[in-house]
Amino acid sequence: MKSTDLVGTWRLVTWEAHPEGGVLTHPFGPDAVGYIIYTADGFVSATLMRPIRQAFRDGTMHSATAGEKIAAIGSYIAYAGTYSLQPGKVTHHLLASLLPNWVGSDLERYIGWTDGRLVLTSPVMTSPDGTMATQRLVWERVNSA
């Protein structure tokens, strides 16, 4: 696979989690919203969120209640950095991360293709007891520039 296969803007179609021995879930709901952008010079940025997010009471984060802030954190992911390709895999090297704080982390994703859509999968720990799940994010190309 060439990096040019990834270059462009992709819209999230579906985000699923398949826990070991568990039931399929959708981390931000079945209609999660997201975009991932890969540039030709090796940069990646991604945002994922619940489709309906409660607004802060007065519109500012600074005067939001603790509950409002916790709800916001649990419904939004945003990061940016560089990426590198290996056979069948892309690694996102995070340089900036809004929520959660993953700065300095590497996120490895296995790459697949289904009907022209980009499919990124990865194993993730879903609870403190070590339960694992496979996350599957399907992306549809918006543009290639």
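Computing the accessible area with a 1.4 Å probe over protein heavy atoms, can you report the carbon and sulfur percentage for the chain?
Result for the chain: 58 percent of the exposed heavy-atom area is carbon or sulfur.
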Given labels modelled 7 Å from the Cα in the Cβ direction, how far is it in nm from Phe43 to Val13? 2.8
Where the chain is the region considered: accessible area per residue in Å², 1.4 Å probe: 57
Expressed in µm² per second, the diffusion coefficient of the chain from the Stokes-Einstein equation, with Rh the Kirkwood radius over alpha carbon pairs, at 25 °C and 0.890 mPa s, is 151
Heavy-atom accessible area of Tyr35, protein chains in place, probe 1.4 angstrom, given in Å² to nearest 10, is 100
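The values are calculated or read from the model by the stated rules, or taken from the named source; none is laboratory data. Every value quoted in this text rests on a predicted model; they were computed, and no experiment measured them. Reconstructed Cβ throughout: ideal geometry from the backbone, glycine too, with neighbour counts over all protein chains shown. Ligands, DNA and RNA are excluded from the accessible area calculation, which covers all protein heavy atoms including side chains. Shrake-Rupley method; radii C 1.70, N 1.55, O 1.52, S 1.80 Å.
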